[in-house]
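The values are calculated or read from the model by the stated rules, or taken from the named source; none is laboratory data. Since this is a predicted model, take the numbers as computed values, not measurements. As a convention, Cβ positions derive from the backbone with ideal geometry for all residues, glycine included, and neighbour counts pool all protein chains shown.
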């Protein structure tokens, strides 16, 4: 797993609320409006979703938008903080935190994780071309 960016397979979907990203059956993420038009040709297509660990957080209780449940699987000590590894829809995501808020006793437990998709990227699955720049 590349720790500088999380890249996973996902699907672009459409609804009356707009274009969104489907990570799996139970996990969807809102796509910022400034990216939705350039993805209109990718509805129901497989894409690569990329997001840096700095833009994945443990969700606050009142966070609803772009919050999904993930299983905490690993804690990695880094020079400037910790990496929290979560399994979400059978995909591993790294979240970088400065203050350790979980510990090894929490491994295996489920937590809500929030994605700041404003800073995410979506790539064509086959060509790897960035669709959101």
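What the table below lists for this structure:
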read-out	value
Those strands (runs of 3 or more DSSP E) lying entirely in the range 1-115 with at least 2 residues over 28 Å from residue 133 (Cα atoms) and out of contact with any helix residue (DSSP H, G or I) (no Cβ under 6 Å at 6 or more places or on another chain)	67-78, 81-88, 110-115
Only one of 106, 54 that is surrounded by fewer than 18 Cβ atoms within 10 Å (Cβ to Cβ) and either more than 30 Å from residue 17 (Cα to Cα) or over 18 Å from the mean Cα position of the chain (by Cα) (or both)	106
Boolean, residue 42 is crowded, with 17+ Cβ neighbours inside 10 Å, on the phi < 0 side of the Ramachandran plot and modelled with pLDDT under 95	no
Residue that is nearest to residue 33 (Cα to Cα), among those in the range 116-132 that are under 18 Å from the mean Cα position of the chain (by Cα) and part of a loop (DSSP other than H, G, I, E, B)	132
Breaking point among (1) under 16 Å from the mean Cα position of the chain (by Cα); (2) farther than 10 Å from residue 113 by Cα; (3) surrounded by 17 or more Cβ atoms within 10 Å (Cβ to Cβ), for residue 82	(1)
